[in-house]
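Since the structure comes first, as structure tokens, the remarks are kept for the end.
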Amino acid sequence: MPVELRKRKAPAPAPEPPAKKQSKVSKVAAKVKQTVKGKTAKPATANGASKPAKPVVGDTITLDGFGGEIETNDGDKTTLKALVEESKSGVVIFTYPKASTPGCTNQACLFRDSYESLTEGGLAVYGLSTDSPKANTTFKTKQKLPYQLLCDPSATLIDALGLKKAPKGTTRGVFVVDKAGKVLILEPGSPAGTFGAVKKLVAEGEGAAAKEEPAAEKTEEEAAETLKEEAKLTNGDAAEEKKGDSATE
């Protein structure tokens, strides 16, 4: 009889070695690595949207929605866009930290005393702070200010202009924008400095206009001179024709 060979059973797998205990150092390192891996850079946001860069002189800003909604010292809601549209040639807004304080009173009175010369070219002047309508109305009445004061308690417009102090407060400064949204002035400064910047801008505008007027007069004189020359030439041509006709006869 043939001998039947029995198959040997496969040996059982060797048991896995016990897991090594993680040291405290390696645990911390692993945690840091995982945190860094899962972390992504987030841009500065405001209400879920990317925070726009602060404008600079020469920029043309989108007026629609710029700085959010503010109100006048009379309590009327308004926006920068509405103020610019209501103006003839643009808007001047000077910012001040607090109504009825010495520095702010000095600044407001400088704009008050030169109000007519600053606005005769079409610019509209406003003061802007985080004060309440009541505080600004008291300030306006007491100092007999001929322009409106704007109230921005949430500092949305002040922040959009880059004149908001962290964590709270307003930097004294001045902002000028024309009808097209072009930023002509945007800078911090002293009471006299903010007023001086606007005064200089207005003076430069008047100087440019004065230069254009003589140029226009000169053009009219040149046109009159040209007409005279043309008349002489026409008369000369007519005389030459008359002489020619006489000679032919």
Kirkwood Rh in Å, taken over all unlike Cα pairs in region 73-168:
13.7 Å
Can you give me the % of accessible surface on region 98-203 that is carbon or sulfur? Probe 1.4 Å, all protein chains present, nothing else counted.
55 percent
Please list, ordered by chain and number, the residues whose modelled amide H lies under 5 Å from the amide H of Asn73; skip anything fewer than 5 residues away on the same chain.
Leu149, Cys151
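The values are calculated or read from the model by the stated rules, or taken from the named source; none is laboratory data. Please read these numbers as outputs of a predicted model, since none were measured by experiment. The protein model used for the area step is the full one, side chains on, heavy atoms only, and it has no ligands, DNA or RNA in it. Shrake-Rupley method; radii C 1.70, N 1.55, O 1.52, S 1.80 Å.
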